[in-house]
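Notes for the one structure printed next.
The values are calculated or read from the model by the stated rules, or taken from the named source; none is laboratory data. Everything quoted here is computed from the prediction, not taken from an experiment. Counting neighbours? That spans all protein chains shown, and the Cβs are built from the backbone with ideal geometry, glycine included.
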Amino acid sequence: MNVLKVPARTIAVFVLPCLILYIGLVFVPILVAVYDSLLDWDSINKAKFIGLDNFKTMLFHDTNFWPSVRHTLGYAVFSMLEIPVCLFVAALMNRYVRKANTLVSIYFVPVILSVVIIGQLWKTIYNPADMGGMLNGILNSLGLESWTRSWLTEPKIAMYCLYFVSLWQYFGYHLLIQYTGVQNIPTEVYEAAKIDGAEGFKADWYITYPMVIPIFKISIVLAFIGSLQAFDLVWVMTGGGPAHATDTISTHMYTQSFLSLKYGYGSALATSLVFICLVFTVFINFVFKKVEAKYT
Amino acid sequence: MASFKKGLVYLLLSILVITQIYPLFWLVMYSLKTNEEILGSNFFSLPSSPQWANYKAAYKGGHYLQYLGNSVLVTTVTLLCVIVLSAMVAYAISRFKWKLGGVVTLVFLLGMMIPMQATLLPLMVMFKHMHILNTRWSLILPYITFSTPIAVFILSGFMRGIPAEIEESAFMDGASVYRIFRSIILPISVPPIMTVCILTFITIWNEYIMAATFISKESLKTLPFGVYTFVSQYNVNYGAIGAFLILGALPVLLVYFVLSERITKGMVAGAVKG
């Protein structure tokens, strides 16, 4: 443990360079954003202090704010629903496949690619058939012409198309995390269970799933926090359109700040985003503490 | 019965291989087709004769090598700084006796929960005043700060486990703290440093939104931003777009091909410790 007694100067040398940079580029900007959120400030006029008016506008008058919150939470829900599936597949893989590492690294390929590339790839896949879109091409060749559509420009389904791409990209990531968790369960536990008559799915239910709860939690938290910040994929694929149908909190903030140049209002949205992230992180950790206390 | 079940599982796993890999394979085929073949909507067909001209067009039309060079430069500098800075902090947190250690740890922990996008606007204004907007520093600096928290956690977690006797005996022999850090701690910490490198590399290499916000000079764009620029400019030459996407994915795929086990292990370690 902490053993070395060193002069304050030495500590400063070790800690300050990083800490100053860190506070300057993470905490100061956040505080600036909080302050800016109290201003009526655009690119042309001088900034004017207006108190909480931006937040009032956001909550009660901005018709795009609540939908963007809904899309963000939808993102979170779908990403979390993926995790049990990953765990299920991981448990199967652990039982039936001897050397699953190659398989896992194949599933992992989409994870390492840039969202820009993934987004463009899927944009092409969702294209109308006469523009070479794969999905519509498949539907046509299956005789399901009535199902073909222009996936990303129909407000009702565009958001689900984006959710799907995210689930597709991060499937390998969560599968790998769950698989690592499942692998770390000692084989003796299963042997003991076998003697007691628990095998296969029964063993999964009573041993595998309860024992991976800590790892399960990690995946859930990652998926949840990642979704709250969902930005790149939406930005690359639809830019929040058509008509704000796929806006998340982040893209809405970006549009307001950098395209509409409403700096004050954009900062109010940024402040809310930070607030939401902090609250939900604390909340989800609290929930899992309860769950873990119950099962371990 | 058992073999039937096994068959079902293999079927499921094979379907998953197809869903995860076929889109990428399809993109490779797409990038080798003529516009007519692509628009002919026969999505399943292989290109009649591979159109390497698409790659030529992509290579010539987009500043591929320039984007690649920028990405390599920015990522390398970021990696070096992240390793040095976070290793120093991690060492101080895990081994020194001082009152504020806990507070510093908490500061970094808190930073992990802050969404990067919320800092974009203030950072842009700050960088403008510092006259570093539209320079490589406007990418490297925030990349460093947003990679440090996880790095500090991984490294301090590891350093806590290093037996104190090693340092004590070095101390007896008259080595200074700096010397111990450089010649003992850093070399021992190579495995977690590799993990940090992998995590940081994947994040920074693929980062798009800061690059798109802070950079507008063509000559400074990184690869993801470059890909985006190319795609929005060449929106009728489908084959070339496909080719540029493949070229954009190629570097990271090559790295992954060589280091796949390291990368997957590193990213899990990063997730579990974060």
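Just a yes or no: is a residue in region B:223-244 farther than 25 Å from residue B:124 by Cβ, among the small types (Gly, Ala, Ser), at pLDDT below 90 and under 18 Å from the mean Cα position of the chain (by Cα)?
no
Which is under 21 Å from residue B:99 (Cα atoms) and surrounded by 12 or more Cβ atoms within 10 Å (Cβ to Cβ), of A:14, A:27?
Answer to the selection: A:14.
Taking the condition out of contact with any strand residue (DSSP E or B) (no Cβ under 6 Å at 6 or more places or on another chain), modelled with pLDDT of 90 or more, of a type outside the set (Asp, Glu) and farther than 24 Å from residue B:255 by Cα, does residue B:209 pass?
When the stated conditions are applied, residue B:209 does not pass them.
Looking at B:22, B:10, can you tell me which residue is surrounded by fewer than 14 Cβ atoms within 10 Å (Cβ to Cβ), more than 29 Å from the chain's Cα centre (by Cα), within 30 Å of residue A:164 (Cα to Cα) and free of Cβ contacts under 8 Å to residues at least 40 places away in the same chain?
Criteria check complete, one pass: B:10.
Of everything in region B:159-192, what is of a type outside the set (Ser, Thr, Tyr), more than 13 Å from chain A (Cβ to nearest Cβ) and crowded, with 20+ Cβ neighbours inside 10 Å? Give them in sequence order.
Passing the criteria: only B:192.
Can you name the residue in region B:207-230 that is at the interface with chain A (Cβ under 10 Å from one of its Cβ atoms) and part of a loop (DSSP other than H, G, I, E, B) and, of all such residues, is nearest to residue A:253 (Cα to Cα)?
Across region B:207-230, the extreme among qualifying residues is B:208.
Within region A:143-161, take every residue that is assigned to a helix (DSSP H, G or I) and charged (D, E, K, R) and give me the one that is surrounded by the fewest Cβ atoms within 10 Å (Cβ to Cβ).
Step by step, filter region A:143-161, then rank; the result is A:156.
When you check residue A:274 against the structure, is it buried (at least 17 other Cβ atoms within 10 Å of the Cβ) and either modelled with pLDDT of 90 or more or in a helix (DSSP H, G or I) (or both), yes or no?
The answer is yes for residue A:274.
Quick one: which residue in A:221, A:212, A:182 is within 30 Å of residue A:275 (Cβ to Cβ), aliphatic (A, V, I, L, M) and buried (at least 17 other Cβ atoms within 10 Å of the Cβ)?
Residue meeting the stated conditions: A:221.
Please verify whether region A:75-94 includes one or more residues that are in contact with a Leu (Cβ under 6 Å, 6 or more places away or on another chain) and among the acidic types (Asp, Glu).
yes
Could you list all residues from region A:216-233 that are in contact with a Phe, Trp or Tyr (Cβ under 8 Å, 6 or more places away or on another chain) and outside any helix (DSSP H, G or I)?
A:230, A:231
Whether any residue in region B:75-97 is free of Cβ contacts under 8 Å to residues at least 40 places away in the same chain, farther than 18 Å from residue B:225 by Cα and not in a helix (DSSP H, G or I) is what I want to check.
Within region B:75-97, one or more residues are free of Cβ contacts under 8 Å to residues at least 40 places away in the same chain, farther than 18 Å from residue B:225 by Cα and not in a helix (DSSP H, G or I).
So how many residues does region B:98-115 have that are touching a Pro at 6+ places or on another chain (Cβ under 8 Å) and part of a helix (DSSP H, G or I)?
3
Which of (1) surrounded by 17 or more Cβ atoms within 10 Å (Cβ to Cβ); (2) in contact with a Gly (Cβ under 9 Å, 6 or more places away or on another chain) does residue A:115 not meet, given it meets every other one?
(2)
State yes or no: is residue B:119 among the polar types (S, T, N, Q), part of a helix (DSSP H, G or I), under 23 Å from the mean Cα position of the chain (by Cα) and within 12 Å of another protein chain (Cβ to nearest Cβ)?
Yes; evaluated as a whole, the condition is true for this residue.
Return the residue satisfying two criteria in turn: it lies in region B:98-116 and is more than 27 Å from residue A:234 (Cα to Cα), in contact (Cβ under 8 Å) with a residue 24 or more places away in the chain and not polar (S, T, N, Q), and of such residues it is nearest to the other protein chains (Cβ to nearest Cβ).
In this case the residue turns out to be B:108.
Residues that are within 14 Å of another protein chain (Cβ to nearest Cβ): list the helices (runs of 4 or more DSSP H) wholly contained in region A:49-142 that include at least 3 such residues.
Hits in region A:49-142: A:65-96, A:101-112, A:115-126, A:134-141.
Of (1) under 24 Å from residue A:131 (Cα atoms); (2) within 10 Å of another protein chain (Cβ to nearest Cβ); (3) surrounded by fewer than 16 Cβ atoms within 10 Å (Cβ to Cβ), residue B:233 satisfies all except one. Which?
Condition not satisfied by residue B:233: (2).
Give region B:231-244 a look and list any residue that's outside any loop (DSSP other than H, G, I, E, B) and either of a type in the set (Val, Ile, Thr) or more than 20 Å from residue A:231 (Cα to Cα) (or both), or say none.
The answer is B:231, B:233, B:238, B:239, B:240, B:241, B:242, B:243, B:244.
Which is within 11 Å of chain B (Cβ to nearest Cβ) and farther than 25 Å from residue A:168 by Cα, of A:266, A:226?
Every option except A:266 fails the conditions.
With A:243, A:192 as the choices, which residue is part of a helix (DSSP H, G or I) and surrounded by fewer than 19 Cβ atoms within 10 Å (Cβ to Cβ)?
Every option except A:192 fails the conditions.
Do any residues in region A:35-54 that are loosely packed, with under 11 Cβ neighbours inside 10 Å have Cβ atoms under 7 Å from those of residues that are in a loop (DSSP other than H, G, I, E, B), where the two are at least six apart or on different chains, and which pairs are they?
Once the first residue is loosely packed, with under 11 Cβ neighbours inside 10 Å and sits in region A:35-54, its partners that are in a loop (DSSP other than H, G, I, E, B) give A:43/A:261; A:51/A:38.
In this structure, does residue B:62 turn out to be of a type outside the set (D, E, K, R) and at pLDDT below 85?
Here the answer is yes, as residue B:62 does meet what is asked.
Could you list all residues from region B:34-62 that are more than 30 Å from residue A:173 (Cβ to Cβ), in contact with a Gly (Cβ under 7 Å, 6 or more places away or on another chain), more than 8 Å from chain A (Cβ to nearest Cβ) and not in a helix (DSSP H, G or I)?
If the condition is that a residue be more than 30 Å from residue A:173 (Cβ to Cβ), in contact with a Gly (Cβ under 7 Å, 6 or more places away or on another chain), more than 8 Å from chain A (Cβ to nearest Cβ) and not in a helix (DSSP H, G or I), then B:34, B:51 are the ones that fit.
Which of the following residues is of a type outside the set (Val, Ile, Thr), touching a residue at least 60 places away in the same chain (Cβ under 8 Å) and farther than 17 Å from residue B:245 by Cβ: A:103, A:175?
When all the criteria are applied, what remains is A:175.
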